[in-house]
Amino acid sequence: MSSESRQVSVRQLKVKKCNTKCRLIVFATLAICLVAVAVFADRLCPYDPYAQDLSLSYQAPSAAHIMGTDAYGRDMFSRVIVGARASILSTLALVCIITLVGTAVGTISGFIGGKVDAIVMRVSDFFLAFPGLVFALAVAALLGGGVLNAIIALAVISWPKYARVARSQTLSVKVSSFVQAAVLAGDNPPQIIFRHILPNIFGPILVTAMLDIGTMTMELAGLSFLGLGAQPPIAEWGSMMSSGRSMLQTYPWVVLSPGIAIFISVVIFNLLGDTVRDYLDPK
């Protein structure tokens, strides 16, 4: 390769890296805005999301109520904003739980190996053998309704994916020369795991978690839609769609408002996950 071609290739890589960084900033900003809306929802609502006024029931979107009102005259825009707290914050809590549990289990399993690794992998195979949402429905039905029980149900069936990723990355890192040097230097297993293995497997785990936020958002909304997640009168996007599904043809804004909120949130987090993967890819 000539020097000019090499310079052009390096310049193209720099431009691509710069574009990826710009996209990362944009999507990260949008994701932070969604989280901020969820955290400060009470202060952002133009109306009380739980105040009922039957004289205002099923009003179409207007200047006063930009997303209309529901069967009880509650402002849909305010309920969508408050619903972000139950939907987005619950999803982030769920992803944090399964990431921490799955990474810990997979890392320890891959590092120790032997019978421990075999037992852990067979347990994960057991959970992966069932259709995820169907298994979550069964667990949620046993635990009863509620956001917390929905999070537990999805956590029970979602951690094996992270355990698999962490295990595979640990197996490849622990045979590296720097890990062997750490062993010869007298580092104990916890030091090796926290100093050498976890920092080197953080990238794939982070990308998996970012891409999983959108999926977990839809699955939590699905459980709530089926009556196994958030319970009325709590404003949550899935339960809001469920309560208004019979009015889809006559008062579509009751269903479309939370549906659009789910769509926007999933798209933003999926694009953020894709961008993080591109940014962390050394190639």
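Every number here is computed from the coordinates shown, using simple stated rules; none is lab data. Computed from a predicted structure; not experimentally measured. In this analysis, Cβ positions are derived from the backbone assuming ideal geometry, glycine residues included, and neighbour counts consider all displayed protein chains.
Between residue 246 and residue 26, what is the FRET efficiency for a Förster distance of 51 Å, r being their Cβ-Cβ separation, to the nearest 0.05?
Rounded to the nearest 0.05, the efficiency is 0.85.
Using R₀ = 25 Å, calculate the FRET efficiency as 1/(1 + (r/R₀)^6) where r is the Cβ-Cβ separation of residue 18 and residue 274; round to 0.05.
0.90
Could you calculate the FRET efficiency of residue 116 with residue 202 from 1/(1 + (r/R0)^6), where r is the beta carbon distance between them and R0 is 22 Å, rounded to 0.05?
0.45
Taking a cut-off of 37 Å, what percent of all Cα-Cα pairs in the chain are separated by more than that?
Everything past 37 Å amounts to 29 percent.
Could you tell me the center-to-center distance, by alpha carbons, between the stretch 236-283 and the stretch 168-194 in angstrom?
41
Which order do the peptides 169-175, 57-63, 156-162 come out in when sorted by mean C-beta neighbours inside 10 angstrom, highest first?
Order by mean packing, descending: 156-162, 169-175, 57-63.
Roughly how many debye, to the nearest 20, is the charge dipole of the chain about its Cα centre, given +1 on each Lys and Arg Cβ, -1 on each Asp and Glu Cβ, and no other charges?
1040
Scanning the chain for helices, which whole DSSP H stretches are 20 Å or more long along the axis (Cα) and average -0.5 or more by Kyte-Doolittle?
Sorted by number, the helices that extend far enough and score high enough are 3-39, 90-112, 114-128, 147-173, 198-225, 253-280.
Work out the charge dipole of the chain with +1 on the Cβ of Lys and Arg and -1 on the Cβ of Asp and Glu about the Cα centre, then indicate which of 57, 143, 178 is farthest towards its positive end.
Of the options given, the answer is 178.
Using a Gaussian network model on the chain with a 10 Å cutoff between Cα atoms, which of 143, 211, 154 fluctuates the most?
143
Which of 254, 35, 15 comes first, and how do the rest follow, when ranked by fewest Cβ neighbours within 10 Å?
Least to most surrounded, the residues fall as 15, 35, 254.
Taking only the Cα atoms of the stretch 135-283, how large is their convex hull per residue, in Å³?
Expressed per residue, the convex hull around the Cα atoms of the stretch 135-283 is 130 Å³.
May I ask for the equivalent-ellipsoid semi-axes of the stretch 77-195, computed as the square root of five times each C-alpha gyration tensor eigenvalue and listed largest first in whole Å?
Each semi-axis is the square root of five times an eigenvalue, giving 35, 18, 10 Å.
Which number gives the lysine pairs in the chain that have C-alpha atoms under 23 Å apart and are eight or more places apart or on different chains?
The result is 8.
Rank by packing, highest mean first: peptides 190-198, 267-275, with packing defined as the count of other Cβ atoms within 10 Å averaged across residues.
267-275, 190-198
Could you tell me, in Å, what Rg and Dmax come out for the Cα atoms of the stretch 51-136?
22.7, 68
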